[in-house]
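What follows draws every value from the coordinates through simple rules; no lab data is involved. Here the structure is a predicted model, which means the values were calculated and not measured. Cβ atoms come from the backbone with ideal geometry, glycine included; neighbour counts cover every protein chain shown.
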């Protein structure tokens, strides 16, 4: 006799000798069986291998359906299966008979007629050479509710996703393939929604460089490695029309997968408005330049010896401003102001302006009024820069010895301090009615000597650097 048979025989003998121990084990089994949270039941089979009555069930099985144990053991599974589920259940039953086990989800009807969703596992077992079915059923009501909520959320998400007018595309960062795109995107790109997974990034680029497929991938890499990107893109639409797009790229994580969210919108209308504004701006700019040039000519007509003076001053002043590092907008303002900085001289007598002999004090005082006269002429014009104030201050000196207001240091606009240096350098370099031109060396000597006294130190240093390095020179300097 082998050891296993010996153990079984000894166990039976001990049960006969110790009936209390056997009863104790049976009681523990019942407690365990009835405290299982899943429904556990056993039912017999008909000779045709169809479900027959329940022969055993734990408390969860019958109580969860509202039955007593006696009531439950007098019915079969067919009594608690709803009619609409029978076709599905029969198919799973056929599979069970073939395999000996099966798992499926179905509805079970309680005693009161309430339908409860269950996940059912069936196993074929054998007791005393007789086949039975062991069933374990889990109430999945909470799971079904959760799935319904997910389904509703998913439907809402799809409604919102496809209701957005902007094109929205989700790209797998690893494979660079399209994961999903909304209806606006498929319509704009002219593709079937069912074929969206076949769409590639290369197809975004329908124009020659600089709008090539390489540029598409450059922007993608920038968004992945450097953070969100916004750029403008030009392509040919499905109707063979030029289409301007504004594209936003941002890295996101969906289902633990790193993706790139691309949102784009048609900006043709905006581009059209921008073009119109640019044309209007250019028109206004041309008109303004025409007015400025007219003002420049008016001064030169009045003062024949300053022909070219304002333009040379303007060119030098803008070169100094650029070297200092001012932005293009401020440089343009300085150039404009310097180009008409002597506009006030149109109110000064030509006899004084073109006098060959040295000026008297009274005559010099008259000439000194030109800066404030220029201010009065221009103050009502809405320039994009403080032109009138620049002109008013171009004869101020940082030690307060200038005119008309005796301003000092930072009370004087930087633009005016730049124009002041350029004005002096040009005036000394070229001839005047009452003297010959002294040349650029003499002019630079003057501003260097009075650096930090009459003239701004930084402006003087930059001006000196421009001429000494050869980066700048007057066209007709001596």
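General observations
- Percent of C-alpha pairs per 10 Å bin, segment 284-468, short to long: 10, 38, 40, 12, 0
- Stretching the chain fully between residue 49 and residue 174 yields a gain of 39.6 nm (0.36 nm per residue, less the alpha carbon separation).
- Gain in span if fully extended, residue 278 to residue 141, counting 0.36 nm per residue against the direct Cα distance: 42.9 nm
- Simple spin-label estimate for residue 225 and residue 368 gives 6.4 nm between the two label positions (7 Å along the Cα-to-Cβ direction from each Cα).
- Efficiency of FRET between residue 359 and residue 293 - r from beta-carbon atoms, R0 30 angstrom, step 0.05: 0.55
- Taken over the C-alpha atoms, segment 15-141 has Rg and Dmax values of 15.7, 55 angstrom.
- With neighbours defined as other Cβ atoms within 10 Å of a residue's Cβ, the residues 108, 324 order from fewest to most as 324, 108.
- Between helix 414-429 and the chain: long-axis angle, C-alpha atoms, 0 to 90°, nearest 10: 40 degrees
- Packing-based exposure ordering (other Cβ within 10 Å, fewest first) of 414, 316: 414, 316
- Nearest-ten-degree value, helix 141-163 long axis tilted from longest Cα axis of the chain: 30 degrees
- Expressed per residue, the C-alpha convex hull volume of segment 160-266 stands at 99 Å³.
- Relative to the longest principal axis of the Cα atoms of the chain, the long axis of helix 440-449 makes an angle of roughly 70 degrees.
- Kirkwood radius, segment 299-407, all distinct C-alpha pairs, inverse of mean reciprocal distance: 14.7 Å.
- FRET efficiency for the residue 212 to residue 165 pair, using the beta carbon distance and R₀ = 35 Å, is estimated at 0.80.
- Residue 56 paired with residue 119, simple spin-label distance in nm, labels 7 Å along Cα-to-beta-carbon: 2.5 nm
- Distance between the 7 Å Cα→Cβ label points at residue 237 and residue 253: 3.9 nm.
- At q = 0.06, 0.07, 0.08, 0.13 Å⁻¹, base-10 log of I(q)/I(0) for the chain (Debye sum, equal scatterers on each alpha carbon): -0.61, -0.68, -0.78, -1.08
- Added length on full extension, which subtracts the Cα-Cα distance from 0.36 nm per residue, residue 261 to residue 461: 66.8 nm
- Order of 259, 463, 103 under a 10 Å beta carbon neighbour criterion, fewest first: 103, 259, 463
- The distance separating the Cα centre of segment 375-443 from that of segment 127-142 comes to 102 Å.
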